[in-house]
Amino acid sequence: MFATCVFLPLVGAIIAGAFAFARPADEHQHHRIDQAAQWVTCGAMLLSALLAIVIFIDVVIGQNPGTTRLFTWFDSGSLEVAWELKFDSLTGVMVLVVTTVSAMIHIYSVGYMHHDPGIPRFMAYLSVFTFFMLMLVTAGNLVQLFFGWEGVGLASYLLIGFWYDRPSANAAAIKAFVVNRVGDFGFALGIFAVYMLFQTVDYDTIFAAAEGKSQATLHVFGTDFHALTVICLLLFVGAMGKSAQIGLHTWLPDAMEGPTPVSALIHAATMVTAGVFMVARLSPLFEYSDTALAVVTVVGATTAFFAATVGCVQNDIKRVIAYSTCSQLGYMFFACGVSAYSAGIFHLTTHAFFKALLFLGAGSVIHAMSNEQDMRRMGGIWRLIPVTYVLMWIGSLAGAGIPPFAGHYSKDIILEAAYAAGTGIAGYAFSLGIMTAFLTAFYSTRLIFMTFHGAPRADAKVMDHVHESPWIMLGPLMPLAAGAVLAGLIAYDAFVGDSAPQFWGDAIFVLPSHPALEHAHHVPLAVQLAPLVMGLAGIVLAYVFYMAKPEWPNELARRFHGLYLFLLNKWYFDELYDRLFVRPAFALGRHLWKTGDGTLIDGLGPDGIATTTLRLARRAAALQSGYLYHYAFAMLIGVVAFVTWYLILRA
Amino acid sequence: MSHFPVLSLLILLPLVGTAFILTIRGDAEAVARNTRSVALWTSLIEFVVSLYLWINFDPATASFQFVERREWMPGLGISYHLGVDGISMMFVLLTTLLTPVCVLASWESITQRVREYMVAFLVMESLMIGMFAALDIVVFYVFFEGVLIPMFLIIGVWGGPRRVYAAFKFFLYTLLGSVLMLLAILAMYFDAGTADMQTLMAHGFPVQMQSWLWLAFFASFAVKVPMWPVHTWLPDAHVEAPTAGSVILAGVLLKFGGYGFLRFSLPMFPDATVAFAPLIFALSIVAVIYTSFVALAQDDMKKLIAYSSVAHMGFVTAGTFSLTVQGIEGAIYQMLSHGIVSAALFLIVGVVYDRMHSREIETYGGLVHRMPVYAFVFMLFMLASVGMPGTSGFVGEFLVLLGTFQVNTWVSMLAATGVILGACYMLYLYRRVIFGKLTKSELADIADLSPREMAVFAPLVVLVVVMGVYPPPFLEVMHTSVANLIDQVTQAKLASMPLSMAGR
């Protein structure tokens, strides 16, 4: 059953992928092929989601974790890597989230992409993406995790660059792949370090030995380091790349170049959550390194704040949501950083629902607005697309942390845990987290007001066409909306409440000396209320700025022009990287080629020797003039020289 | 020990095919047609025969198998001695796999002097197999050098506009290294009194002498690999060579160097190997990073892939000299994988070159619109080239880096940057050739892969995936031999330890 659940999407992808090569004779046949691809992939995905529910009931609720070993992948010396599917509570939750959200996105895509000429290819990519994510979460060892890890990177590359005619899409796709590769580079080194320390890459063996190695040192990069700290930090670089944490986040907003369902898939269920999952999965390692946990906390909190500030000034509807993802991932990370892993996973789950809802809702808006994405050219459409409007409100309120929506529960517990952890770094995370809660509510409602309210700013032609999306698109949003409303309420007790220890079983490991999550339930009332107050304040401010006094934002932007530009340009990360890495790389390449290979190596080496030989030969040839007296003269000089030398030597 | 002289048969079969080809008479058209068929059938039968090696190979022993020995110059201790172990066996198969691929790939693109062309390929196949199977150092040297001649002709006769420059550069570069190796071989012969490689491995050369011998062999192998800074012949040779020439050059000839290190440098000069490992590490890292950057700046598809070959071979040398099980097995695996992947990439360039007669990246763009199957195949091999897990490229690179990390973390880390850079230049290449709008009018009716071209790629596609998902059949055969090799190095090192201590 495990294998069926994981491999069904792959089978769907292969079949749909084969359809993509078909050469339909006419329009009708074309349509038939498209439909076949849609049926196969959606069917496989739904079946997989159903199996995931069964597995969830069996493995998580029934407390029956298990591992299916498929076959050996490769082995060398003492290294043994197997293809295996490991199911425990953590995996069960992830598989359920991934398959259900992905299934909804598959169905939604049938409607959203119905004009596109490349439907079979698109459906195949979606399914293969899901497959890689499932391989990632069900891995029983670090190398298979890496397989899924790189696999989702590949799938995102394919999907972001799906519209391959667009130069911007191609650029974004390459950027996503390369930035992820930078993270993967750290991840790979982390795996090597794990092998160096444990002589295995198998989770169970590593986790069992972790305590014994908690004081071990590792000689890497010329110095002795605390082994687990080095390992965790290297692995965390991978998590930063995949989960778009500050520094390696630049690919995520650009990933908007893909079709909207792709954004939903990347941001909600797959890919970006992989980093959080990895830290939770490896909690038995991270727990023994306070330094690594501190780094996770700081990076997470900083990202949460940074992305929220940028999100407040963006005008592209998808870009706002993209920065929101970045910011919410920051929350999940600092939850893990204060050892509240289950709170991080809790937020991951609720976020999967409301973020998928927001993206697909935004897709519905874009669909209605004839592919317009700029919120400055929207407005005044809420009566025209009421269902989408309501759904977007649900998603936004869930993200803003307003009860009883799902995001409220998960975000509160994270902030409470950060407060309860009591360390200085956790305090930093808590204060930034509170500020971010304010910003989150602000940009979420700003999005709603700008998109749906106010005077219509689109031209009349677009406004005439505004229409509600078909039910094939709205239908899948309903379960997501249900999740965004209810998931927090339902899952709170199991994920982070009293039944949490029993729910998670052995899947998540927390040292007794890291009791942040337990203490989180006993924080002062002020702390409990703070996120809510901040959220409401953010909503009010957004109302003032974009409904009551719409001229204020422009006025502010004018007055604080520098700050505005700084935020609008996303803290200038892209420009910085372009100057630091991209342009120098090309210049260096050209230089090494022309000067290094051309002038130096070839010039001094083969070509140089060849020309020198030729020149010497010509000189030697010039000596052979053919005149007898030349030769006689040369001989005479020779004799004189020898005689002189002989005489001097004798004397 | 097998009584069926399969290795001799493998060396002889292509020559039989050659004899057939030389007897073909008739008008030019018929000669060309028949020559192609004979060459293809010969190489296919050859491949099937070579499978006998794999099927009957005993992975439990490290000693040489399918051994044949005939006295050649008994007075001098030189004999015709063949055999394969877990290190060389897969290379023989790589050779027999790629030759029919080359023949088929040249089916339509070579129209001049078809007979001579096919003869050159078959003779080269025979020589390459002899090289991998030789167990006598003189026999080895003959085969090793012999390969140069057909390759020189293939580049020089059927190559591009600068073929003569490229052919001479290739020949002189490699010959220069080989001359030094010949001197070293003579020195070894006089020191040990035999040309038998197994005896030489056990001989234990004096430490002082090892350094010189090692350096002489290094000169030859480094050029073949090629290692930085003696790599500049490779881009020129590849660019000028016909497609199939590039395939064999990248697929098999580059492996001579890596194989040579494993067969000679490591077991025969263990002390020097340990002493010079840092040099190799340094050159490997430079190769990986330097050539990756250079590849990024290329405008010529073949040159780009040629430079990427240098970078990939940098992993091989680093892994080999890590002297860890994973490093060496990874290096061998990387060589096999690179043999398939780079061969396929050159074939991919060949496909569009046959249609447009241009290797400039600028010529292309938006090919996916007209050539979806081509785009898919290209994508697969591009991914294998950047080491995507699930393709053959990953396993080798991963093992090499893992092995190297145990020995020297800096080397591993710096080499691993090649994985990032590799993604940069390959994706950038792919984007410029395949993606974008199809705006150029000359590309408007470019045709997708023909059935013949699909037949060329099919075995490579299957292999690259199988080797990525289920490598044990390939790794299994090398385990014992590699373990034995590492034993040889470490034991010899231990044995000579007091001596070298006393020497100081």
Rounded D (µm²/s) - chain B, Kirkwood Rh over Cα pairs, Stokes-Einstein at 20 °C, 1.002 mPa s: 94 µm²/s
query: What list of whole percents do you get for P(r) of the stretch A:174-251, with Cα-Cα distances grouped in 5 Å bins up to the one holding the largest distance?
result: 3, 17, 23, 21, 15, 12, 7, 2, 0
- line: Eigenvalues of the alpha-carbon gyration tensor of the stretch B:15-136, times 5 and square-rooted, give semi-axes in Å, largest first, of 32, 18, 10
message: Taking a ≥ b ≥ c as the square roots of the Cα gyration tensor eigenvalues, with a/c under 1.5 meaning rounded and otherwise prolate when a/b beats b/c, else oblate, which class fits the stretch A:467-622?
response: prolate
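Using alpha-carbon pairs under 8 Å, 6+ residues apart, how would you state the relative contact order of the stretch B:6-493 in percent? It would help to have the intermediate numbers written out before the result.
Numbers: 822 pairs, mean separation 76.7, N = 488.
Relative contact order comes out at 16 percent.
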query: When the dipole is taken about the Cα centre of the stretch B:250-356, and only Lys, Arg (+1) and Asp, Glu (-1) are charged at their Cβ, what size is it in debye, to the nearest 20?
result: 140 debye
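Could you check how many percent of all C-alpha pairs in the stretch B:94-139 are farther apart than 15 Å? List each step's numbers first, then the result.
On the way: 510 of 1035 pairs.
Summing the P(r) tail past 15 Å for the stretch B:94-139 gives 49 percent.
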- request: Would you mind checking which residues have amide H under 5 Å from residue A:87's amide H? H placed 1.01 Å from N; only 5 or more apart, or other chain.
  value: A:66, A:67, A:68
- request: In whole angstrom, note down how far apart the Cα centers of the stretch A:553-593 and the stretch A:119-169 are.
  value: 29 Å
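Before rounding to the nearest 500, sum -39500 (n - 2.57) across all DSSP H runs of length at least 4 in chain B and divide by the residue total; then give [θ] at 222 nm in deg cm²/dmol. Mind dumping the intermediate values first?
Details: 20 runs with 367 residues, N = 504.
Here the helix-only value at 222 nm equals -24500 deg cm²/dmol.
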message: Taking a cut-off of 21 Å, what percent of all Cα-Cα pairs in the stretch B:373-444 are separated by more than that?
response: 39 percent
- prompt: How big is chain A by the Kirkwood estimate over distinct Cα pairs, in Å?
  reply: 26.8 Å
- prompt: Which whole-percent values make up P(r) of the stretch A:72-200 when all C-alpha to C-alpha distances are grouped in 10 Å steps starting at zero?
  reply: 12, 34, 33, 17, 5, 0
task: Take a quick pass over the stretch B:6-493 and tell me how many lysine pairs come in under 24 angstrom between Cα atoms, counting only ones 8 or more apart or on separate chains.
output: 12
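Taking a ≥ b ≥ c as the square roots of the Cα gyration tensor eigenvalues, with a/c under 1.5 meaning rounded and otherwise prolate when a/b beats b/c, else oblate, which class fits the stretch B:219-352? Intermediate values should be presented prior to the final figure.
On the way: a/c = 2.13, a/b = 1.75, b/c = 1.22.
Judged from the Cα gyration tensor, the stretch B:219-352 comes out prolate (a/c at least 1.5, a/b above b/c).
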message: Over the Cα atoms, compute the radius of gyration (one decimal) and Dmax (the largest Cα-Cα distance, rounded to a whole number) for the stretch A:71-134, in Å.
response: 16.7, 53
- prompt: Hey, if you put +1 on the Cβ of every Lys and Arg and -1 on every Asp and Glu Cβ in the protein assembly as shown, which of B:489, A:437, B:304 ends up farthest toward the positive end of that dipole?
  reply: B:304
- prompt: Can you pull the Rg over Rh of the stretch B:117-239, Cα-only, Kirkwood?
  reply: 1.03
task: Please report the orientation-averaged projected area of the protein assembly as shown, defined via the convex hull of its C-alpha atoms, in nm².
output: 56.6 nm²
statement: Expected vector for the stretch B:307-312, Karplus 3J(HN,Hα) from phi with 6.51, -1.76, 1.60 and θ = phi - 60°, integer Hz, x for Gly and Pro, equals 5, 5, 4, 4, 4, 5
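Let me spell out the model: positive unit charges on the Cβ of Lys and Arg, negative unit charges on the Cβ of Asp and Glu, origin at the Cα centre of the protein assembly as shown. What dipole size does that give, in debye rounded to 20? Intermediate values should be presented prior to the final figure.
Numbers: 58 positive and 70 negative charges, 530 e Å.
Computed about the Cα centre, the dipole is about 2540 debye.
Can you give me the convex hull volume of the Cα atoms of the stretch A:1-143, divided per residue and expressed in Å³?
On the way: hull volume 14.6 nm³, N = 143.
Enclosed volume per residue, from the Cα hull, is 102 Å³.
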message: Against the empirical 2.2 N^0.38 Å scaling, what ratio does the C-alpha Rg of the stretch B:54-108 come to?
response: 1.57
- line: In degrees rounded to 10, the 0-90 angle between helix B:270-296 Cα long axis and the longest Cα principal axis of chain B is 20 degrees
query: What share of Cα pairs, in percent, lie more than 15 angstrom apart in the stretch A:416-484?
result: 74 percent
message: Considering only C-alpha atoms, what is the centroid distance from the stretch B:103-147 to the stretch A:337-365, in Å?
response: 61 Å
message: Please list, short to long, the whole-number percent of alpha-carbon pairs of the stretch A:530-575 in consecutive 5 angstrom bins beginning at zero.
response: 6, 20, 15, 17, 20, 15, 5, 0
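For the stretch B:6-493, with only Lys/Arg (+1) and Asp/Glu (-1) charged at the beta-carbon, what is the dipole magnitude about the Cα centre, in debye rounded to 20?
On the way: 24 positive and 30 negative charges, 166 e Å.
About 800 debye.
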Helix B:472-503 vs. chain B, principal-axis angle (Cα, 0 to 90°, nearest 10): 40 degrees
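Which value at 222 nm does chain A reach when only helices count, each DSSP H run of 4 or more adding -39,500 (n - 2.57), with the total divided by all residues and rounded to the nearest 500 deg cm²/dmol?
Details: 29 runs with 451 residues, N = 651.
Computed mean residue ellipticity for chain A: -23000 deg cm²/dmol.
Semi-axes of the equivalent ellipsoid of the stretch B:351-504: what are they in whole Å, largest first, if each equals the square root of 5 times a C-alpha gyration tensor eigenvalue?
44, 19, 13
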- request: Determine the shielding of peptide A:436-442 by partner chains: average, over its residues, the number of Cβ atoms on other chains within 10 angstrom of each Cβ.
  value: 0
field: Tilt relative to chain A, helix A:471-496 - C-alpha long axis, 0 to 90 degrees, to 10
entry: 90 degrees
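Coordinate-derived values only; no laboratory data. Source: prediction; values computed, not measured. When we count neighbours, we look across all protein chains shown, and the Cβ atoms used for this are built from the backbone with ideal geometry, even at glycine.
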